[in-house]
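J.: Structure below; questions to follow.
The values are calculated or read from the model by the stated rules, or taken from the named source; none is laboratory data. Everything numeric here is computed off the predicted structure, so don't read it as measured data. Ideal geometry is used to build each Cβ from the backbone, glycine not excepted, and the neighbour counts take in all protein chains shown. Areas reflect the complete protein model, heavy atoms only, side chains present, ligands, DNA and RNA absent. Shrake-Rupley method; radii C 1.70, N 1.55, O 1.52, S 1.80 Å.
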Amino acid sequence: MENVRKVDPVNPDIRVMDEAGAIIAGGGTVAFPTETVYGLGANALDDDACKKIFEIKGRQQDNPIIVHISDFDQLDYVSQGLSGKIREAFEMIWPGPLTVVLDKKNVGSVPTAGLGSVAVRMPAHRVPQELIRRSGYPIAAPSANKSGRPSPVYASEVVEDLGKKVDMILDGGPASFGVESTVIIFRKDEVVILRPGAFSAEDIKKFFNIKVSISGEVPDAPVSPGMKYRHYAPEKELVLGTDEDRIIEECKSGNVLFIGSSELAKKVNSESVILGSRENLYEIARNLFPSFRELDRSEYPRGIIEGFEERGIGLAIMNRIRKATGGKVI
Ligand code: AMP
Ligand code: MG
């Protein structure tokens with residue numbers, strides 16, 4: 001397809017990036033790889049351009065979009081900014097897969113869904129960094145999937161979901177982590193994780209050295225509107241298996257696709273999608289969303305997925321699995 005352009009993820013072609021930047025500056029949309037998943041971007045300061053994102057994805061109007069920046073001047077432009085120890089920590093963490101919700105400035109009501117706050121992130125991937133610089137604008141970008149579908153890890157998955165609706169799709173190979181950024185908000189004496197993601201809760205604790213809670217555990221937590229929607233799900237039924245013997249038993253029936261670790265796949269002994277070794281949760285994370293799409297493409301009517309340890313990126317893995325299974329457990 002002519003709107004798909006290959007780019008080197010480490011050293012993207014300047015001419016292609018200039019073209020893509022001009023599309024953003026002109027009010028168009030560009031899909032691009034990041035270190036988390038593929039994003040669908042538009043000029044964050046142009047409400048009409050941001051409306052296209054909602055239309056293309058079929059996204060609910062009340063679900064705000066993360067604004068991506070390339071430097072701290074842009075942070076101060078789009079938000080009330082950060083100060084003191086928290087800013088110092090962000091200077092170490094960014095660029096990286098951590099998003100922070102702040103009081104907004106200069107950003108319209110479309111990307112922020114009419115809220116007084118804005119979610120901001122400085123991505124570590126060279127392609128969005130160049131895209132932001134060359135367009136001259138902060139870029140509002142949710143994941144580049146059709147709403148409700150698993151987030152794309154490969155450009156081919158963006159094409160599958162959004163195809164020609166996007167002005168340009170930059171194919172820079174697979175996204176690195178395979179799960180979205182972690183979204184946090186600071187409150188009086190604590191930091192609240194609104195969405196677990198690629199940046200671990202353990203690292204948040206280490207960098208900010210304050211109490212960390214996970215939204216849902218705190219009764220009066222501010223809502224991250226996106227978390228209430230059905231998300232990341234395959235079209236077919238998927239259940240979470242919590243007991244190895246039960247998974248093995250279930251798979252014997254032959255009518256279910258097993259998704260899980262190489263360790264358990266050996267014991268299951270039926271057709272499987274192997275996510276990787278239990279010892280490497282990063283590998284599991286990167287293969288997770290593509291495995292949901294593989295289930296949909298397979299001849300199996302349902303899938304069964306194994307659970308993983310909730311340490312590091314495992315917290316995000318289990319969050320996505322619970323959403324994808326709609327809470328169905330055997
Ligand atoms: P996605 O667009 O798929 O990367 O999801 C972005 C996530 O960030 C969603 O869960 C949104 O609800 C959340 N988010 C974005 N902006 C805000 C905001 N201003 N306040 C709280 N959550 C936000
Ligand atoms: Mg998304």
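J.: Helix-only estimate, please: 222 nm mean residue ellipticity of the chain, summing -39500 (n - 2.57) across DSSP H runs of length 4 or more and dividing by its residues, to the nearest 500.
T.: That comes out to -10000 deg cm²/dmol.
J.: Now for a separate question. Would you work out the relative contact order for the range 126-192, in percent, from Cα pairs under 8 angstrom that are 6 or more residues apart?
T.: 23 percent
J.: What pairs in Lys105/Lys323; Lys146/Lys267; Lys6/Lys105; Lys105/Lys164; Lys236/Lys323; Lys252/Lys328 have C-alpha atoms more than 24 Å from each other?
T.: Check vs 24 Å cut-off fails for Lys105/Lys323; Lys146/Lys267; Lys6/Lys105; Lys105/Lys164.
J.: Full-extension gain between Glu263 and Asp243, please, as 0.36 nm times their residue separation minus the C-alpha to C-alpha distance.
T.: Between Glu263 and Asp243, full extension yields 5.8 nm more.
J.: Listed highest first by mean packing, meaning other Cβ atoms within 10 Å per residue, what order do 7-17, 184-194 come in?
T.: Per-residue Cβ counts within 10 Å, averaged per peptide and sorted highest first, yield 184-194, 7-17.
J.: Right, something else. I'd like the FRET efficiency for Ser277 and Glu235, computed as 1/(1 + (r/R0)^6) with the beta carbon distance as r and R0 of 25 Å, rounded to 0.05.
T.: Computed FRET efficiency for Ser277 and Glu235: 0.35.
J.: Only bridges with both residues in the chain count here: give the DSSP antiparallel percent, nearest 5.
T.: 40 percent
J.: Another question about this same structure. Grab the beta carbon distance between Asp71 and Lys205, set R0 = 25 Å, and tell me the FRET efficiency rounded to 0.05. Could you put the intermediate results ahead of the total?
T.: On the way: r = 27 Å, r/R0 = 1.06.
Efficiency at R0 = 25 Å is approximately 0.40.
J.: Moving to a separate point now. How large is the accessible surface of Asp245 in square angstrom, using a 1.4 angstrom probe and rounding to the nearest 10?
T.: In the full protein context, Asp245 sits at about 110 Å².
J.: Here's something else I'd like to know. Post the alpha-carbon centroid distance, the range 247-290 to the range 19-37, in whole angstrom.
T.: So the two Cα centres are separated by 35 Å.
J.: Can you pull the one-decimal nm distance between simple spin-label points at Lys323 and Met92, each 7 Å off the Cα toward Cβ?
T.: My value for the distance between the label points is 2.9 nm.
J.: Among 253-259, 64-70, how do they line up by average Cβ neighbours within 10 Å per residue, starting with the highest?
T.: 64-70, 253-259
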